[in-house]
Each structure stands twice: as C-alpha cells, then as structure tokens.
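Take a look at the structure below.
The values are calculated or read from the model by the stated rules, or taken from the named source; none is laboratory data. Because the structure is a prediction, the values reported are computed rather than measured. A quick note on method: Cβ atoms are made from the backbone with ideal geometry, for glycine too, and the neighbour counts reach across all protein chains shown.
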Amino acid sequence: MKTKASQDSSQTPYHTALSVDRYFSSEDCHPYDEIKWDSREAVITGDRGEEIFKQAGIEVPAEFSDLATKILASKYFYGDIDMGRDPSAGGRESSLKQVLDRVCGTIAQWGREDGYFADEKATRVFREELTALCVTQKGAFNSPVWFNLGLYQAYGIGKDSAKGNFYWNPELEAVARAESQYEYPQCSACFIQKVDDNLESIMDLARAEAMLFKFGSGSGTDLSSIRSSREKLSGGGHPSGPLSFLAVYDSVAGVVKSGGKTRRAAKMNVLKDWHPDVEEFIDAKMNEEKKAWALIEQGYDPSFNGEAYGSIRFQNENLSIRVSDDFMKAASGESEPTWWTKRVSDGSKCEKKDAKALFRKIAEGTHLCGDPGLQFDDSIDRWHTCKGSGRQNCTNPCSEYLFLDNSACNLASINLMKFMKDGEFDAESFARACRIFIIAQDIIVDRSSYPTEGIAYNSHWFRTLGLGYANLGGLLMSLGLPYDSEEGRAYAAGITAVMTGAAYKVSTEIARAKSPFAGYHDARHYGVPNPPMADNVESMQEVIEMHRSHAASISPRCPKSISEFAVDLWDEVSREGAEVGYRNAQVTVLAPTGTIGFLMDCDTTGIEPAIGLVAYKQLAGGGMLTLPIQTVPKALNKLGYDEPAIERVRDYIKEYGTVEPIQKEGETLESGIRSEHLPVFDTAFRSGLGERSLSWRSHIRMMSAVQPFLSGGISKTVNMPNQANIDDIRDAYIDAWKMGIKGVAIYRDGSKRSAPIQTRKEEVKEEKAVQIVTEPYRRRLPDTREAVTHKFSIGGSEGYLTVGKFEDGNPGEVFLQMSKAGSTVNGLMDTIGILLSLCLQYGVPLETLVRKFSHVRFEPEGMSKNRDIPMAKSVIDYLGRWLGMEFVDGYRAKMSPVAAEEERLANDQVIDSAQEDSEPSRQQLELLTESEGNLTCPECGSHRVKVTGTCACCLNCGTSLGCS
C-alpha cells in the first residue's frame with residue numbers, strides 16, 4: 001500500500017528495501033546440494049493393519065525420520081498419486097524440493113513484487129536462506145501454508161475454480177474477492193471471529209467457520225455479545241441464548257471436517273464471567289460428558305471418534321470462561337463473593353451469583369472432562385498493543401493467538417535443538433532465523449485470503465504474526481537442565497526474549513521499508529477513509545517497554561550469552577520503534593506445533609516437556625521398536641557420563657521406559673544414573689515403569705517464566721495426575737492468574753472415558769506358541785476337552801453358549817442353542833457356531849472375530865441379565881462381546897461398565913494404601929497408572945496420539961487434532 005506517509009520521505013523515513021545477508025546458505029552452493037538425499041517409501045496403516053496411504057519414490061533429506069517422511073508425503077504433498085508425478089497435470093508431488101520450491105519460491109517472488117527486496121539478487125538470497133532453514137528442519141510454517149501456498153503459482157491449480165475468499169487489493173487500496181481459490185491462498189491457521197446479537201450475524205458466523213475448517217484452520221468466538229435466555233426480545237418472548245447457537249456451530253464443525261480431512265474441526269468459544277448464561281455454559285460439556293458415560297455403559301464404542309462421543313454435543317470445540325481480576329478476587333476470597341451478572345442488552349444487573357460457587361463449578365467441570373478453561377481478561381488487556389482499537393475478547397482454539405475480533409494470524413515455529421553450537425545455544429543464529437521467518441510471514445499477510453471482508457481488512461491493517469518455537473523440553477534436557485528448575489526457566493525466558501526481540505527488531509526494519517501497520521497511527525496519518533481504528537502508538541510503546549523491562553531483569557541463572565543478547569535487542573527495538581514504528585501489532589505466540597513439530601523431528605512440542613522417555617519406531621514388517629528419545633544421550637553426555645554408561649542407560653530405558661531404580665522379583669534394578677540427575681529426566685507423565693513425573697505447578701511456573709516475552713499466549717496443557725482433586729484445579733487456576741499468565745487449560749489424566757494418552761507400557765504377557773505353516777492348517781481339539789456353558793437372555797429370548805477349549809485354555813469350538821426358537825433360527829445358530837469353530841481352529845484371531853461380531857443389530861435385541869453386557873443389539877452382538885469378556889486380555893477392563901467401576905474402587909484402595917505404605921506392590925503401582933482408553937486418530941485409527949499443547953497429533957500418520 002502506497003500511503004501518504006510512505007510517499008513523503010520528509011515525514012517518515014520509509015524509503016529503504018530490506019537487506020538480506022547469507023548465513024544459512026552459501027553463495028556458490030544451493031541448499032539442496034549441501035545435504036544428502038534419500039529415496040523412500042511412505043506407508044501408513046490403519047488400526048486393523050489395512051493400508052490407508054502409500055507412496056513410493058519419495059525424495060527426502062537423509063536426516064529425515066520415517067515419521068517426518070510420512071507426514072510430508074501424506075499431509076503436505078499436493079496431488080493425486082494415481083495421476084502420476086506431475087502436479088501441474090493432477091499428479092502428486094514426490095519430493096521435498098517440490099514443496100519448498102513452491103512455498104519458499106513463491107514467497108520470495110511475492111516479496112520482490114511487493115517491494116520488500118531491492119533486486120533479484122536480494123530476492124535469491126532470501127529464497128535460499130528460507131529454503132535452507134526449512135530443508136534442514138530448523139523451522140516450519142503452519143500447516144495451511146504447506147497445504148495451500150504456491151499451488152496456483154507453481155502448478156496453475158485453481159485457475160478455473162469458483163471464486164475464492166477476500167484479500168487486500170493494493171491497487172484499489174481495499175478488500176476484494178479473489179477470482180480463484182488458490183491465487184490468494186488461505187495461509188493462516190488461527191482466526192478470531194465476531195458475532196453480533198442478530199440472526200443474520202449468527203448464521204454468517206456459521207458460514208465463515210465452515211470455510212475456515214474446509215481449508216484446515218481453526219476459529220474462536222466470544223459469544224458474550226448474544227443476549228441471554230433471561231432477557232427479552234423486542235417483539236416479546238425470550239432469546240434462546242448463546243448455548244442454543246453453540247449447538248449449531250458444533251454441528252457445523254462436526255460436518256465440515258478440518259482441512260477437508262476426517263479430523264475434527266478446531267473451535268474455541270468463550271463466555272465472559274458477567275454473562276447471565278455463564279452457569280449453563282460452565283455445565284455444558286460436563287453434562288454431555290455424563291451422557292457419553294451412559295452410552296459407554298450400554299456398550300457403545302468409547303473411543304474419541306466412536307459412537308458414544310459422536311452422539312453428544314460440544315465435542316468439536318474448546319470452551320473457556322473469560323474472567324476479570326474482580327471475579328478472581330471474589331472467587332478466591334480476596335473480596336466479597338457476591339457476583340452480579342449483567343444483561344447483554346443494556347448492561348443492567350440481572351442475577352446475583354456466588355463467585356466462589358461459580359469458580360468451584362468451573363473447577364468441577366475441568367476435573368470431570370477438561371472444560372472449561374480460563375482466560376484472564378485484565379492480564380490479556382495489560383499486554384494489548386492496540387488498546388485504542390478495542391479489547392481482545394477471544395482466542396483461537398489452542399489459545400495462543402489473542403487479538404481483536406475478526407482477525408487472523410499465520411504461524412511459524414523454529415526448532416530450538418537445531419541452534420546448538422559447541423554444546424550451547426547460539427542466540428545470534430536463532431535471531432537470524434527469526435528474522436527470515438518474520439519477513440516471510442509478513443509477505444504472506446497481503447498475499448493470503450480470508451473468509452470475511454472484516455478479517456481481510458484487519459489482517460492488512462494490523463498484520464499480526466505468530467512466530468514461535470518447538471522442542472524447548474528437548475533442549476533443556478539435552479543441556480542437563482530439569483524442566484522444573486530455576487535454571488531451566490531462566491534459559492526458557494532468555495530464549496523467548498531473544499525470539500520476540502528479534503521479531504520486533506525486523507518488524508521495525510520492515511516498517512522503515514514499507515511503513516508501520518496501518519492501525520499504528522491515527523487513521524488521519526494515512527488519509528484512509530473511515531477505518532475502524534484509533535491511534536495505538538501509546539499502547540504499542542507501553543507494551544514494548546514492558547517487554548524491555550522484563551528482559552533487563554531475566555534471572556542471572558540464564559547464560560549471559562543469551563540474556564545480554566536479549567537486552568541489546570530490546571534496546572534496539574525500543575529505539576528503532578520510537579523512530580519508525582512497527583510493521584506488526586503482534587509477532588510471537590507459542591503454538592502446539594503438533595504436525596509441524598514432528599515434520600521437524602522434534603522430541604517435544606512447543607513449550608511442553610517430554611511426555612515420556614521413549615519413542616516408538618514402526619517396523620516395516622510390523623510391530624514397534626522402543627527407543628529412547630533423541631535428547632537422552634545428549635543429556636547424559638552433557639552430565640559427564642561416558643559411552644559405556646550412556647549405552648547402559650539406553651538399554652535400561654528400552655527395557656523399562658524409565659531411568660529410575662525399579663523393583664523386580666525382590667531385586668532393585670538401576671540404570672546407573674546418579675540420584676541428583678534424575679530430575680533432568682522428569683517428564684509430563686510417569687514414563688514406563690517409573691514413578692516420577694513433573695508436578696502441575698512446574699507447568700504453570702514455566703508458562704509464567706516465558707509469558708512476559710510473548711505478544712500472544714501459550715498453547716499449553718497443565719497436566720494433572722488422575723488423583724488430583726477439585727481443590728487442586730482451583731489452586732492451579734488461582735496460581736496461573738497471580739503469575740500473570742493470559743490463559744490456562746488443565747487436563748486431569750484419565751478424566752474422560754476416552755483418555756488422551758497412555759504413557760506406560762503394558763506388562764508383557766507370556767507369549768503363546770506360534771506355528772509357522774506354508775498351507776492352511778487346522779488345529780484340532782483333543783477328544784476330551786474342557787468346556788464352559790453360559791446361559792443368556794436377550795430381550796426375553798433365552799439361549800445357551802458352550803465353548804470347548806484347547807489344552808492352553810483358548811477357545812476352539814462354539815455351540816449356540818436358542819431355546820423356544822423355530823427350526824430356522826436354531827439352524828442359523830448351529831451354522832454360525834460351526835463357522836466360528838472352524839475360524840478358531842484355522843487360526844483366525846479371536847480379537848478380529850469379536851470386533852466383527854460386536855454391535856451387529858437384529859432381533860431379538862434388548863436388555864440382558866449379564867452386568868458386563870447390560871444391553872445387546874443381537875445374539876451375534878452378545879456372542880462376540882461375551883467371548884471378548886471371557887477370553888481376550890484387557891477386553892472386559894475396557895468394555896465392561898462393571899469393570900470400570902471395579903477399577904475405580906481398586907484405584908481408590910491403591911491410592912489409600914500407597915499413602916500408608918511407602919513400598920506398594922507392583923500390582924498396585926500398575927493399577928495406579930492404567931488408563932481407561934486412548935485418544936484415537938480419526939484418520940488412521942491409531943492409538944499413538946500425542947498431546948501437543950491443548951491439541952494432539954497422531955504419531956502414526958501425523959494428523960493434527962488442532963489448528964496448527
């Protein structure tokens with residue numbers, strides 16, 4: 001945009017193009033030629049072993065892991081495998097080089113066309129610097145960039161498509177509608193949208209969200225603007241309230257899967273603490289969770305994407321309460337607990353509430369199902385750079401992006417482990433990488449499209465960016481620093497200060513070359529007609545000085561090479577910003593970095609610590625190989641252990657999943673790690689057979705350490721053990737508020753019947769005999785065999801099951817007799833029994849038969865007398881589930897409502913005994929750590945799903961259950 005300010009160099013010094021020096025690339029050697037490349041095949045199988053993705057002849061850097069290769073090929077390659085290898089003719093990309101050429105090449109060309117670079121030489125240097133960072137896994141853009149950017153420019157994709165979304169047209173100096181869907185691609189992962197208190201706006205929001213989900217992004221909305229069910233309509237009657245429309249948005253999100261894939265859409269909905277319907281909002285997901293439990297008890301699939309959770313509301317969104325300092329003071333006992341809600345229509349008092357009771361209800365909901373979370377309104381506003389343009393009312397689904405309504409943010413993350421030099425973190429190299437990515441992200445802003453005109457305008461006017469990092473937990477461990485330590489937090493604070501300082505420094509450089517963001521000065525400064533903005537110079541400078549002040553007071557436990565570098569950066573930012581302003585209203589967030597974190601082969605995601613000490617490698621011939629995470633040997637080397645000792649620890653972790661001493665058959669086994677070093681290897685959950693884990697307070701303390709150096713927020717789940725109570729959650733919320741964190745989400749391990757992660761390896765069962773045959777082999781039962789007979793009743797129809805067993809106790813034959821049934825039914829039952837017996841004798845796995853038979857529906861169906869199977873959909877359904885209960889290890893514990901209650905009672909007893917006995921039995925320790933289920937990947941069905949911030953990512957296929 002050629003503003004009046006940019007045209008008059010005497011008014012402001014906006015007249016220079018950006019300089020780009022080589023640091024990560026070489027003048028005489030392209031980045032591709034400096035690394036070794038491999039040709040690989042990527043195969044992803046579903047939970048039943050079926051092949052759901054396969055691509056051969058993939059060209060990737062030799063350093064890429066198999067997981068990074070699978071994510072690249074299945075998620076980010078464009079095109080149809082069946083159409084060949086030419087993407088411009090509909091074929092599929094097959095090399096990382098193609099992806100980087102279309103993404104980095106297109107961004108560089110846009111930068112040249114839009115005046116960021118002075119000539120073709122500078123453009124080429126920038127392109128190769130950005131390419132070098134991406135090809136060596138030093139950094140990555142958010143997923144929508146890889147999905148969408150450059151398809152039009154590189155391959156001509158979308159030229160004949162329907163009209164696209166809205167973009168900034170510099171010739172018109174206004175927003176226009178794109179002629180195609182990919183010429184101006186959707187590149188932002190994070191959106192905040194406004195809804196007004198009228199039906200047209202409410203329905204428009206549903207449409208805008210659908211378009212975001214289609215292209216792989218997430219959206220957040222504050223629903224406090226919608227009148228409550230306690231108010232009146234102008235024509236008489238009462239509004240239905242925000243919860244009724246929340247159900248509508250939930251349905252839309254469930255139908256329009258994110259990114260056109262099968263994963264659920266990412267949504268955040270917020271309600272402010274003063275809204276009259278706040279109590280119903282708090283109860284919303286808690287009540288639905290209880291419905292899911294009832295369905296699970298009736299035999300419905302309890303997995304995350306199964307029938308039980310698929311049948312209830314509000315599962316496509318996160319819910320948060322936006323609370324003020326006044327509410328928190330009343331809720332925590334610092335002031336009078338009386339709390340008045342206010343009518344949306346006129347702000348008058350509506351109902352009197354007890355703030356303490358409301359706060360406890362919030363904690364109860366979090367304890368039960370993880371929702372709602374809390375966002376601290378006054379803390380958010382204190383760090384708001386654009387106070388003159390309105391308040392920040394909501395966040396994106398993962399809670400890291402906070403800004404004005406109708407705004408968007410494109411993300412990128414840097415892999416911290418790639419910036420180690422001679423055993424220490426290289427702050428200068430890291431700052432240079434931040435500079436390249438911020439330039440790229442700013443170029444993307446005006447070349448992207450947005451779902452509404454309002455978002456397109458605000459994106460151009462405010463230019464909010466979300467640079468962040470991944471692998472902090474891995475970095476600290478590799479340095480021999482415990483995640484829960486003053487040294488670890490000081491290190492994290494210093495790195496974050498460098499990142500945001502470097503980002504704002506280049507923002508001043510771009511402002512000098514191009515002009516500050518349009519919402520920085522009063523609108524009259526630019527001659528822009530009637531934009532909805534005000535002067536934000538004062539609030540911007542105020543926040544910059546707050547960042548600068550915190551940088552000057554970083555703990556002396558942070559290495560001086562980092563802290564002093566940060567202080568110098570912030571001094572430059574303050575000085576340059578006062579002279580030329582800033583190109584971007586915001587520059588940094590800490591995103592979950594799920595899929596892109598695994599693309600960069602990070603051990604840990606975002607700000608998270610390690611989940612456990614082991615990683616799992618899928619073998620080509622089937623099965624899994626357990627390996628220590630990459631940072632373990634680096635940590636041991638840093639701590640002074642020699643190679644034999646390191647190898648011993650690696651073997652110990654492979655066997656037991658921990659570095660702690662364990663008891664086995666009355667003997668104490670040790671890894672060889674000294675006791676003072678054990679905290680270095682503490683993880684978010686108990687790892688393997690170990691007992692140590694990070695406390696929930698350690699998560700909050702780390703968030704507090706880095707929050708003063710971030711423009712936005714932090715996507716971070718505060719993990720709590722299963723035995724945490726409601727008061728623990730209440731205390732965590734109060735601590736987070738007092739420590740200045742902008743928002744917090746808490747997950748109590750195992751709180752949902754479909755738990756998000758399993759961190760402990762199941763105890764190895766004694767292996768059964770395996771026969772290797774080259775032709776069909778029938779294993780016959782002995783003439784005299786043991787058998788069991790079971791009487792059942794389904795909806796009043798009785799029958800008998802008789803199962804004959806092999807010598808090892810496994811089932812080998814089945815007889816099924818229905819009493820008082822006609823000859824046809826009895827004949828069918830006999831036939832099914834014969835077929836089932838032959839299947840068992842020819843080696844068909846019983847688990848497969850149970851899965852196929854379960855939930856088949858036909859008459860007779862109804863209630864049964866079996867407490868493990870209270871409701872059967874048919875005789876076959878009952879037969880399959882009964883066989884599973886009797887003969888499949890772990891099936892009853894997972895599927896029986898009675899077993900779930902028995903487990904809960906047993907866990908309570910174990911917890912009591914563990915408190916009384918310092919050395920509980922191994923059986924007791926296992927009971928304490930078994931989870932009730934796993935989060936299931938919606939795309940491949942795998943249970944290997946890892947929590948990443950407030951989202952999750954599949955380790956099998958890379959599908960993200962979030963917005964990044």
Test: residue in region 167-184 that is within 30 Å of residue 394 (Cβ to Cβ), touching a Leu at 6+ places or on another chain (Cβ under 6 Å), touching a residue at least 12 places away in the same chain (Cβ under 8 Å) and in a loop (DSSP other than H, G, I, E, B): yes
Restricting region 449-459 to residues that are crowded, with 23+ Cβ neighbours inside 10 Å and either touching a strand residue (DSSP E or B) at 6+ places or on another chain (Cβ under 7 Å) or of a type in the set (Lys, Arg) (or both), the residue that is farthest from residue 184 (Cα to Cα): 458
Pairs with Cβ under 6 Å, 6+ apart, first in region 35-58 and surrounded by 17 or more Cβ atoms within 10 Å (Cβ to Cβ), second assigned to a strand (DSSP E or B) and among the small types (Gly, Ala, Ser): 55/42; 58/42
Contacts under 8 angstrom Cβ, first residue in region 413-426 being free of Cβ contacts under 8 Å to residues at least 24 places away in the same chain, partner assigned to a strand (DSSP E or B) and of a type outside the set (Phe, Trp, Tyr), 6 or more apart: 426/420
Residue selected from region 146-184 under the condition at pLDDT below 95 and within 25 Å of the chain's Cα centre (by Cα), by the criterion farthest from residue 469 (Cα to Cα): 148
Hey, residue 481 in a loop (DSSP other than H, G, I, E, B), modelled with pLDDT of 95 or more, touching a Gly at 6+ places or on another chain (Cβ under 6 Å) and aliphatic (A, V, I, L, M) or not: yes
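Table: residues versus (1) surrounded by 14 or more Cβ atoms within 10 Å (Cβ to Cβ); (2) of a type in the set (D, E, K, R); (3) in contact (Cβ under 8 Å) with a residue 60 or more places away in the chain.
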| residue | (1), (2), (3) |
| --- | --- |
| 789 | no, no, no |
| 816 | yes, no, yes |
| 886 | yes, yes, yes |
| 893 | yes, no, no |
Residue 509 part of a helix (DSSP H, G or I), among the acidic types (Asp, Glu) and within 15 Å of residue 555 (Cα to Cα): no
Strands (runs of 3 or more DSSP E) within region 633-752 that include 3 or more residues closer than 19 Å to residue 608 by Cβ: 717-720, 743-748
Exclusive hit being in contact with a Phe, Trp or Tyr (Cβ under 8 Å, 6 or more places away or on another chain), within 23 Å of residue 571 (Cβ to Cβ) and at pLDDT 95 or above, set 495, 443: 495
Residue within region 735-754 that is surrounded by 24 or more Cβ atoms within 10 Å (Cβ to Cβ) and either at positive phi or among the hydroxyl-bearing types (Ser, Thr, Tyr) (or both) present: no
Selection count, region 290-314, where residues are of a type in the set (A, V, I, L, M, F, W, C), assigned to a loop (DSSP other than H, G, I, E, B) and at pLDDT 80 or above: 2
Test set (1) more than 28 Å from the chain's Cα centre (by Cα); (2) more than 23 Å from residue 61 (Cβ to Cβ); (3) without any contact (Cβ under 8 Å) to a residue 40 or more places away in the chain - residue 203 fails condition number: (1)
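Does residue 341 qualify as being closer than 30 Å to residue 750 by Cα and touching a residue at least 12 places away in the same chain (Cβ under 8 Å)? Quick ask: steps written out before the conclusion?
Working: closer than 30 Å to residue 750 by Cα: no; touching a residue at least 12 places away in the same chain (Cβ under 8 Å): yes.
Criteria not met by residue 341.
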Filtered residue count, region 752-805, keeping only those that are modelled with pLDDT of 80 or more and not small (Gly, Ala, Ser): 19
Flag for residue 274 being modelled with pLDDT of 95 or more and outside the structural domain of residue 344 (by TED's automatic domain parsing): no
Helices (runs of 4 or more DSSP H) (entirely within region 94-166) containing at least 3 residues that are of a type in the set (S, T, N, Q) and farther than 16 Å from residue 24 by Cβ: 96-113
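So, in region 135-162, of the ones that are of a type in the set (A, V, I, L, M) and touching a residue at least 24 places away in the same chain (Cβ under 8 Å), which residue ends up surrounded by the fewest Cβ atoms within 10 Å (Cβ to Cβ)? Steps first, please.
First pass over region 135-162, keeping only residues of a type in the set (A, V, I, L, M): 135, 140, 145, 149, 151, 154, 157, 162.
Keeping just the survivors that are touching a residue at least 24 places away in the same chain (Cβ under 8 Å) gives 135, 140, 145, 149, 151, 154, 157.
Working: 135: 25, 140: 25, 145: 28, 149: 26, 151: 22, 154: 19, 157: 23.
If we take residues in region 135-162 being of a type in the set (A, V, I, L, M) and touching a residue at least 24 places away in the same chain (Cβ under 8 Å), then 154 is surrounded by the fewest Cβ atoms within 10 Å (Cβ to Cβ).
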Boolean, residue 399 is over 28 Å from residue 124 (Cβ atoms) and not in a helix (DSSP H, G or I): yes
Which numbered condition residue 645 fails, given (1) out of contact with any Leu (no Cβ under 9 Å at 6 or more places or on another chain); (2) surrounded by fewer than 19 Cβ atoms within 10 Å (Cβ to Cβ): (1)
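What number of residues in region 423-440 are at pLDDT 95 or above and outside any helix (DSSP H, G or I)?
So the count comes out to 2.
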Filtered residues of region 868-884 (kept if within 15 Å of residue 788 (Cα to Cα) and surrounded by 23 or more Cβ atoms within 10 Å (Cβ to Cβ)): 879, 883, 884
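Residues checked against (1) surrounded by fewer than 19 Cβ atoms within 10 Å (Cβ to Cβ); (2) at pLDDT 95 or above; (3) within 17 Å of residue 277 (Cα to Cα):
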| residue | (1), (2), (3) |
| --- | --- |
| 322 | no, yes, yes |
| 329 | yes, yes, no |
| 342 | yes, yes, yes |
| 352 | yes, yes, yes |
| 355 | no, yes, yes |
| 363 | no, yes, no |
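Yes/no matrix, rows are residues, columns are (1) in contact with an Asp or Glu (Cβ under 9 Å, 6 or more places away or on another chain); (2) free of Cβ contacts under 8 Å to residues at least 12 places away in the same chain; (3) at positive phi:
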residue	(1), (2), (3)
311	no, no, no
319	yes, no, no
350	yes, no, no
353	yes, no, no
363	yes, no, no
369	yes, no, no
386	no, no, no
390	yes, no, yes
